[in-house]
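Encoded as structure tokens, the structure appears first; notes follow it.
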Amino acid sequence: MEAKVSEGGLNVTLTIRLLMHGKEVGSIIGKKGETVKKMREESGARINISEGNCPERIVTITGPTDAIFKAFAMIAYKFEEDIINSMSNSTATSKPPVTLRLVVPASQCGSLIGKGGSKIKEIRESTGAQVQVAGDMLPNSTERAVTISGTPDAIIQCVKQICVVMLESPPKGATIPYRPKPASAPVIFAGGQAYSIQGQYAIPHPDVWMPVPRQVLMNSPYPMI
């Protein structure tokens, strides 16, 4: 994060990482990428979405603080729109909150929580958003998930305050970023060879060699191919 002080106060270039499920990513990308294109143009922020057929994806938002907050606002309102649309087909009467998950270096989480939880309490009370910092680090990384939920306006205010904390307390040491793993296909064993199931086909799995008792194969839920 590079902080540049300008006459109007702090003009900062920030990078914020979000963790999203595939359905949420699809909502942001939109048909033929139209939604994310509009978000990029109107906010002025760079929005990159990690590749892969993973159940989770990383959405990286980079730009000056104003651009980041605009991009966040557009994402939060898009998610609220999705919730309203899904409610029109259900019997639920109360509207669930919008939820976003930030990925934050673990070395900054102490500053975000504050002494005895004072900072996180202050953020919750002043914005009206719920904020939870995960106790454990995300797999194979030195980052933690910070979950924010509430109305879009509360979320935007909350993100602004979190950004201020992160700028005041830069990460210590090297950060190992979290990279979601692809969804693993189920594996079956036949005749000492492992096969991964992909759709209706069994593809030989090169990484696993293991003799399996015939009784196990007979009880396999997959038909032998």
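Exactly one residue out of Glu125, Glu80 is surrounded by fewer than 12 Cβ atoms within 10 Å (Cβ to Cβ) and not polar (S, T, N, Q): that is Glu125. Residues that are acidic (Asp, Glu) and outside any helix (DSSP H, G or I) were ranked within segment 31-82; the one that is nearest to the chain's Cα centre (by Cα) is Glu56. Is one or more of the residues making up segment 110-132 under 23 Å from His21 (Cα atoms) and under 13 Å from the mean Cα position of the chain (by Cα)? No: zero hits. Residue count for segment 142-162 under the criterion of being crowded, with 19+ Cβ neighbours inside 10 Å and farther than 25 Å from Glu81 by Cα: the result is 2.
Residues are listed down the side, and each one gets a yes or a no for (1) touching a Leu at 6+ places or on another chain (Cβ under 7 Å); (2) farther than 16 Å from Arg17 by Cβ; (3) at pLDDT 95 or above:
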{"residue": "Lys37", "(1), (2), (3)": "no, yes, yes"}
{"residue": "Arg40", "(1), (2), (3)": "no, yes, yes"}
{"residue": "Gly44", "(1), (2), (3)": "no, yes, yes"}
{"residue": "Ser50", "(1), (2), (3)": "no, no, no"}
{"residue": "Thr60", "(1), (2), (3)": "no, no, yes"}
{"residue": "Asp66", "(1), (2), (3)": "no, yes, no"}
{"residue": "Phe69", "(1), (2), (3)": "no, no, no"}
{"residue": "Tyr77", "(1), (2), (3)": "no, yes, yes"}
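Within segment 128-141, the only residue that satisfies the criterion of being buried (at least 17 other Cβ atoms within 10 Å of the Cβ) and farther than 19 Å from Phe72 by Cβ is Leu138.
The sole residue among Thr91, Thr99, Thr127 that is out of contact with any Asp or Glu (no Cβ under 6 Å at 6 or more places or on another chain), farther than 28 Å from Lys172 by Cβ, among the polar types (S, T, N, Q) and in contact (Cβ under 8 Å) with a residue 12 or more places away in the chain is Thr99. When the residues of segment 54-77 are filtered to those that are within 25 Å of Tyr178 (Cβ to Cβ) and of a type in the set (Phe, Trp, Tyr), the one that is surrounded by the fewest Cβ atoms within 10 Å (Cβ to Cβ) is Phe69.
Screening segment 83-122 for residues that are surrounded by 11 or more Cβ atoms within 10 Å (Cβ to Cβ), aliphatic (A, V, I, L, M) and at pLDDT below 95 and picking the one that is nearest to Asp153 (Cα to Cα) gives Ile83.
Here Gly128 meets each of (1) modelled with pLDDT of 95 or more; (2) touching a Lys or Arg at 6+ places or on another chain (Cβ under 8 Å) with one exception, condition (2).
The values are calculated or read from the model by the stated rules, or taken from the named source; none is laboratory data. Values in this document were obtained by computation on a predicted structure and should not be read as measured data. Don't worry about glycine lacking a Cβ; one is built from the backbone with ideal geometry, like all the others, and counts go over all protein chains shown.
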